[in-house]
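In what follows, a single structure is set out as structure tokens and then discussed.
The values are calculated or read from the model by the stated rules, or taken from the named source; none is laboratory data. Only a predicted model underlies this, so the values are computations on that prediction, with no experimental measurement involved. As a convention, Cβ positions derive from the backbone with ideal geometry for all residues, glycine included, and neighbour counts pool all protein chains shown.
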Amino acid sequence: MPKVKAAIYWCSSCGGCDESIVDLGERILAVRELVDFVFWPCAMDPKLSDVEALADGEIVVSLINGAIRTSEQEEMSKLLRRKSQLVVAFGSCACTGGIPALANLKSKASIFDRSYLHSPTNVNPDGVVPMEHSKTAEGYPMELPAFYDTVYQLDDVIDVDYYLPGCSPNGDMVFAALSAILSGKLPPKGSVLLPDVALCQSCDRNATKPETLTITEFKRLIHVQADPTQCFLNQGILCMGPATRSGCGYPCIQGNMPCTGCMGPVGSKDQGARMLSALGGVMEGESEEQIAKALDGIPDPAGTFYRYSMSSSFLGSKRKEVKP
Amino acid sequence: MANFEPSIVAFVCNWCSYGGADSAGGQKLAYPANVRLVRVMCSGRIDPEHVVAAFREGADGVMVMGCHPGNCHYRNGNHKTLRRFRLFERMLFQFGIDKDRFMLEWVSAGEGQKFQEVTMAMTERVRNLGPLVISGSVAQEISHA
């Protein structure tokens, strides 16, 4: 049986998603028996022309990780879409924007200003900032990819068949997803290859959550020692479990760290609004003073509630249906 | 911006604030046609997701109105509303949206006049702010924040 051709590509990402494929451990040998990676820039030295030389649809599956921040990432995603039968948005950034999409809380101008001109570790007396078109001293034209104003999720620029969120998806999740793809036992197009329930439902600390939660103040992890047996919310520590998809096996909770929401929204597009709603329901306090004091424990609500899902949020992503 | 007429979505609870709107009508107290009401059973039913969806769909301002604290038909729904939307207000400016585009008010079924006053005040406030643009990356609507 000929091997299945697969590609892995990274857009705006940290490389953790590529790492998670290596995290398959010995199982990667079983995958290698079945799969021929024709393109994987992180692990091999392929060229763009190698992909261009393939017939349309010749790649069976492309796993694309990372958010879309530059024109190059958009072009590569479109090329792989054309060459692939299936495209999987791999990891939080490709699914919902991930950490890079937190930059949507800033404008491109302020990001350039900070990164290239005013960051305290910069030495840039000439005020050089990257430009799409420039010339070398000898007069040769130079070109850089365009840096977009907004960080997009993968399905903003191409059609995506399946989603595998997680920062990064762990080895078990990757193996289960690859098995489903290779055996053809796939759910309907557009599905997330994970259960559609909230993390709390699978969390083994759920049993310690009282019938009615009453949070009087939000404690930050730097200030308290978390009880390793109790529900984090019951300890007043913000845990994204109620608004986050299950399926990760909660390694963070097992390491006594609350969920930060990397598996993305469940049953909704706007993870942050759902989390906000959940918290409002379980907080104590009826007076403005009490409430204000409790909320002071959440210094960065947008960055906390949308840490991995800004590109799928209603307010932090571009309204593509409306022409400016 | 002289001719700008804002669209304002107002979520009102069935027992108090919708009654307040009714009462305004009964007393022939006109309120701005910019304000479009969405009646729900309790302000505690209004998820912040509904509010962000309203902004996303083109509302220039959003109001949430419910029973006065202590008078909730379901005992404590409006206390949840208060906590949710105080937190929501803290988040809204991070998205570059002026906090004045959102208003939480308590209007009882007898307060027709208050209903008229708050809807007029909100319409004026949003008219002065101009149309809301959600651009993806944060626009500089609130440079002072």
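Against the criterion of being in contact with a His (Cβ under 7 Å, 6 or more places away or on another chain) and in contact (Cβ under 8 Å) with a residue 12 or more places away in the chain, B:Ser108 qualifies. Can we say A:Gln225 is away from chain B (no Cβ under 14 Å), assigned to a loop (DSSP other than H, G, I, E, B), over 21 Å from the mean Cα position of the chain (by Cα) and under 17 Å from A:Thr214 (Cα atoms)? Answer is no for this residue. Any residue that is over 20 Å from B:Glu57 (Cα atoms), in contact with a Ser or Thr (Cβ under 7 Å, 6 or more places away or on another chain) and modelled with pLDDT of 95 or more - is there at least one of those in region A:293-314? Yes: region A:293-314 contains one or more residues that are over 20 Å from B:Glu57 (Cα atoms), in contact with a Ser or Thr (Cβ under 7 Å, 6 or more places away or on another chain) and modelled with pLDDT of 95 or more.
Scan region A:241-258 for residues that are in contact with a helix residue (DSSP H, G or I) (Cβ under 6 Å, 6 or more places away or on another chain) and surrounded by 24 or more Cβ atoms within 10 Å (Cβ to Cβ) and report the count. Quick ask: steps written out before the conclusion?
Narrowing region A:241-258 to residues in contact with a helix residue (DSSP H, G or I) (Cβ under 6 Å, 6 or more places away or on another chain): A:241-244, A:246.
Remaining after also requiring surrounded by 24 or more Cβ atoms within 10 Å (Cβ to Cβ): A:241, A:243-244.
Total meeting the criteria: 3.
Can you pull out the residues in region A:162-184 that are surrounded by fewer than 20 Cβ atoms within 10 Å (Cβ to Cβ) and either in a loop (DSSP other than H, G, I, E, B) or in contact with a helix residue (DSSP H, G or I) (Cβ under 6 Å, 6 or more places away or on another chain) (or both)? Explain how you work it out, then say what you get.
In the first step, residues of region A:162-184 are kept if they are surrounded by fewer than 20 Cβ atoms within 10 Å (Cβ to Cβ); the result is A:170-172, A:175-176, A:179-180, A:182-184.
Those that are surrounded by fewer than 20 Cβ atoms within 10 Å (Cβ to Cβ) and either in a loop (DSSP other than H, G, I, E, B) or in contact with a helix residue (DSSP H, G or I) (Cβ under 6 Å, 6 or more places away or on another chain) (or both): A:Asn170, A:Phe175, A:Leu182, A:Gly184.
In the condition set (1) under 16 Å from B:Glu105 (Cβ atoms); (2) more than 11 Å from chain A (Cβ to nearest Cβ), B:His79 is compliant with all but (2).
Looking at this structure, is A:Ile64 in the same structural domain as A:Gly171 (by TED's automatic domain parsing) and modelled with pLDDT under 95? It is false that A:Ile64 is in the same structural domain as A:Gly171 (by TED's automatic domain parsing) and modelled with pLDDT under 95.
Return the residue satisfying two criteria in turn: it lies in region A:185-194 and is among the hydrophobic types (A, V, I, L, M, F, W, C) and in a loop (DSSP other than H, G, I, E, B), and of such residues it is farthest from A:Leu164 (Cα to Cα).
Step one: filter region A:185-194 for residues among the hydrophobic types (A, V, I, L, M, F, W, C), giving A:186, A:192-194.
Right, trim to in a loop (DSSP other than H, G, I, E, B) and you get A:186, A:193-194.
Numbers: A:Leu186: 13, A:Leu193: 6, A:Leu194: 7 Å.
Out of the qualifying residues, it is A:Leu186.
In this structure, does B:Met91 turn out to be crowded, with 21+ Cβ neighbours inside 10 Å, of a type in the set (A, V, I, L, M) and more than 7 Å from every other protein chain (Cβ to nearest Cβ)? Can you show your working first?
Working: crowded, with 21+ Cβ neighbours inside 10 Å: yes; of a type in the set (A, V, I, L, M): yes; more than 7 Å from every other protein chain (Cβ to nearest Cβ): no.
It is false that B:Met91 is crowded, with 21+ Cβ neighbours inside 10 Å, of a type in the set (A, V, I, L, M) and more than 7 Å from every other protein chain (Cβ to nearest Cβ).
Just checking, which of A:Ser268, A:Ser309, A:Ser317 is at the interface with another protein chain (Cβ under 9 Å from one of its Cβ atoms) and surrounded by 24 or more Cβ atoms within 10 Å (Cβ to Cβ)? Just one listed residue meets the conditions, A:Ser317. Within region B:121-135, residues that are under 12 Å from B:Ile97 (Cβ atoms) and modelled with pLDDT of 95 or more reach partners that are of a type in the set (S, T, N, Q) and crowded, with 19+ Cβ neighbours inside 10 Å with beta carbons closer than 8 Å, at six or more positions or on different chains, in the pairs B:Val126/B:Asn34. Out of all the residues in region B:15-36, is one or more at pLDDT 95 or above and within 14 Å of chain A (Cβ to nearest Cβ)? No, the conditions are met nowhere in region B:15-36. Identify all residues within region A:275-300 that are facing another protein chain (nearest Cβ under 7 Å) and not aliphatic (A, V, I, L, M); write none if there are none. Answer for region A:275-300, where residues must be facing another protein chain (nearest Cβ under 7 Å) and not aliphatic (A, V, I, L, M): A:Ser277, A:Gly280, A:Gly281, A:Gly285, A:Glu286.
Scoring A:Pro242 on the criteria (1) within 16 Å of A:Leu276 (Cα to Cα); (2) assigned to a loop (DSSP other than H, G, I, E, B); (3) in contact with a Lys or Arg (Cβ under 9 Å, 6 or more places away or on another chain) leaves a single failure, condition (2).
Give the residues of region A:58-75 that are more than 18 Å from A:Glu132 (Cβ to Cβ) and either crowded, with 24+ Cβ neighbours inside 10 Å or hydrophobic (A, V, I, L, M, F, W, C) (or both), sorted by residue number. Break it down into steps so the answer makes sense when it comes.
Step one: list which residues in region A:58-75 are more than 18 Å from A:Glu132 (Cβ to Cβ), which gives A:58-67.
Matches in region A:58-75: A:Ile59, A:Val60, A:Val61, A:Ser62, A:Leu63, A:Ile64, A:Asn65, A:Gly66, A:Ala67.
Quick test for you: out of B:Arg83, B:Arg39, pick the one residue that is surrounded by fewer than 23 Cβ atoms within 10 Å (Cβ to Cβ) and among the basic types (Lys, Arg). So that I can check it myself, show each step before the final result.
Values: B:Arg83 fails: surrounded by fewer than 23 Cβ atoms within 10 Å (Cβ to Cβ).
Unique residue meeting the criteria: B:Arg39.
Results for (1) under 17 Å from A:Ala146 (Cβ atoms); (2) surrounded by 15 or more Cβ atoms within 10 Å (Cβ to Cβ); (3) among the hydrophobic types (A, V, I, L, M, F, W, C); (4) over 24 Å from the mean Cα position of the chain (by Cα), shown as yes or no for each residue.
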| site | (1), (2), (3), (4) |
| --- | --- |
| A:Ser77 | yes, yes, no, no |
| A:Leu80 | no, yes, yes, no |
| A:Ala94 | no, yes, yes, no |
| A:Pro100 | yes, yes, no, no |
| A:Ala103 | yes, yes, yes, no |
| A:Ala109 | yes, no, yes, no |
| A:Pro120 | no, no, no, yes |
| A:Asn124 | no, no, no, yes |
| A:Glu132 | yes, no, no, yes |
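Look at region A:140-184 and say how many of its residues are small (Gly, Ala, Ser) and in contact with a Cys (Cβ under 9 Å, 6 or more places away or on another chain).
2
When A:Arg82 is tested against (1) touching a strand residue (DSSP E or B) at 6+ places or on another chain (Cβ under 9 Å); (2) in the same structural domain as A:Phe175 (by TED's automatic domain parsing), exactly one condition is not met: (1).
Pairs are defined by a Cβ separation below 8 Å, a sequence spacing of at least 6 or placement on different chains, a first member in region A:267-291 that is at pLDDT below 90, and a second member that is surrounded by fewer than 15 Cβ atoms within 10 Å (Cβ to Cβ) and of a type in the set (Asp, Glu); the pairs so defined are A:Gly267/A:Asp196.
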